[in-house]
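Okay, structure first, notes after.
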2 protein chains.
Amino acid sequence: MAGGERRRQILRLAVRLFSQRGFRGTTTKEIALAAGVSEAMVFRHFATKEELYSAIIDHKACSGDERDPYQLVAEAIARKDDRAVFEQLALDALTQNECDPDFQRLLLHSALEDHKLAQMFWEKFVRRVYAFLGDYIRQRQRDGAMIQIEPLVVVRAFVGMVIHHSLNNNLWDRKRRLLKISNQDAAREFTDILLRGVTTTNRRNGLSKKATGKNSRKKSSR
Amino acid sequence: MAGGERRRQILRLAVRLFSQRGFRGTTTKEIALAAGVSEAMVFRHFATKEELYSAIIDHKACSGDERDPYQLVAEAIARKDDRAVFEQLALDALTQNECDPDFQRLLLHSALEDHKLAQMFWEKFVRRVYAFLGDYIRQRQRDGAMIQIEPLVVVRAFVGMVIHHSLNNNLWDRKRRLLKISNQDAAREFTDILLRGVTTTNRRNGLSKKATGKNSRKKSSR
DNA sequence: GTCTATAAATAGATAGAC
DNA sequence: GTCTATCTATTTATAGAC
């Protein structure tokens, strides 16, 4: 097998194992075995285990650039479509974490060990989401469209719903799932909750139509 | 030092180290050093490293019994005080995770490695919270006090806000903190968002008084 | 109870043949 | 490029003196 291809193969298996068992919890022997090569091959392509980890970081951090939130919700923000802004953002995060569950696990391991990946993700992504969503909310407050509340609290609340839901799906997968719901539905529901609230008090209910909405809302359950 | 006391001391240090670096990331030598004893002492009290981990699990799982949510919010549920139910629950979780940050980290490590602690916590605690909060929401829906929405989605959303906020505080502590806010304020804000929503649309604003509430809401910021 | 010394297993990493 | 064999350091765990 050609050098580049083998390298990528080892990298791929290493990602999976690191994401499942953490950096220190994974041995180079296991990686070699999973990749179907000898340990010596691993060290031929990556001088040290640390370098292997770094290569993963670089690869993931690089692909992380593509997940630029500005791009995706820019138009929604431009036309001040609150629903689209939040729903799009949520759906993007949920989809991404579903397609590449390893990344979230890797990130979590990294955060627990205070490794580079988590720090980079924090700086390059999280900070920006908080900044531009915060700005957007501030803008909408000036418009009188949103109540006076610290914008970052709103961001934290919404990101919390979405990421925590993702995390639950990734960590407690399959059997133990408490809440079965499609990403589309989840993104919509979380956006609904954030934007319109749950209670019906002090409100002329334009919400009742939601209950008869497009598809079964009662079906999804434990 | 007496046997029982030394044992507890080793256990305490082991908890801290395991929570910081994970099970495999922590060596018995480090634990011994941190506890100020020789490695042999560690193995005198705990036959294997695994047994040390199990002892931690048992200890933590046991203390987990005390965090029975029923007890704390029972009266609030009885008098159908939505605000108190959610705010109390949130404040309890935030306080607990702040006082004992090791537990959340330990739990996360455990969840990533699919270890016993996470499974037990899931069965003994998470499941129950979802069940009884879900029941409560269903009840309030029958009362006409809450909109028709899958109750478990609401639980997931609220738990998400609270736990994600805790997690952020624990993992990204100190310098990198994006959102500085007291637990009391956070519990109140999250409850506000969940129960009353963020937008002012279709609503006679009984919310404006909130803006001038007890203490500075604008002060808390990045 | 506590230590030093050490065994036994495993980890990361290298040498050198093919 | 790939393997087997091996080295070295670390890690878990034990022995035995005090």
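No value in this document is a laboratory result; all are computed from the given coordinates. On a predicted model such as this, the values are computed, not experimentally measured, just so you know. We place every Cβ from the backbone using ideal geometry, glycine too, and count neighbours over all the protein chains shown.
I want to verify the translational diffusion coefficient of the stretch A:133-176 in µm²/s; compute it with Stokes-Einstein, Rh as the Kirkwood radius over Cα pairs, at 4 °C and 1.567 mPa s. Don't jump to the answer; show the numbers that get you there.
Values: Rh = 11.9 Å.
Translational D for this selection: 109 µm²/s.
For A:Lys49, B:Lys116, what's the fewest-to-most ordering of other Cβ within 10 Å of each Cβ?
By the 10 Å Cβ count, ascending: B:Lys116, A:Lys49.
If R0 is 22 Å, what FRET efficiency do you get for B:Glu50 and A:Lys29 from their C-beta distance, rounded to 0.05? Walk me through the intermediate numbers first.
Numbers: r = 21 Å, r/R0 = 0.93.
Calculated value: 0.60.
Along its three principal axes, how long is the stretch B:24-160 when you only count alpha carbons? Whole Å, largest extent first please.
Extents along the principal axes: 64, 24, 18 Å.
Please work out the FRET efficiency for the pair A:Arg16 and A:Arg177, using the Cβ-Cβ distance as r and a Förster radius of 22 Å; give the result to the nearest 0.05.
0.50
Rounded, prolate or oblate: which fits the stretch B:108-194 when a ≥ b ≥ c are the square roots of the eigenvalues of the alpha-carbon gyration tensor, with rounded for a/c under 1.5 and prolate only if a/b beats b/c?
In terms of gyration-tensor shape, oblate.
A:Phe190: net charge of surrounding residues, Cβ under 10 Å, Lys/Arg +1, Asp/Glu -1, itself excluded?
Net of charged neighbours comes to -2.
Hull surface divided by four, with the convex hull built on the Cα atoms of the stretch A:1-97: how many nm²?
7.4 nm²
Would you mind getting me the FRET efficiency between B:Met1 and A:Asp114? Use the beta-carbon distance for r and R0 = 30 Å, nearest 0.05.
Taking R0 as 30 Å, the efficiency between B:Met1 and A:Asp114 is 0.40.
Please report Rg (one decimal) and Dmax (integer) in Å for the Cα set of the stretch B:75-142.
In order Rg, Dmax, the Cα atoms of the stretch B:75-142 give 14.4, 41 Å.
Across peptide A:120-133, how many C-beta atoms of other chains are within 10 Å of each residue C-beta, on average?
Numbers: counts 0, 0, 4, 1, 0, 0, 4, 3, 0, 1, 3, 2, 0, 0.
If you average over the peptide's residues, the count of other-chain Cβ atoms is 1.
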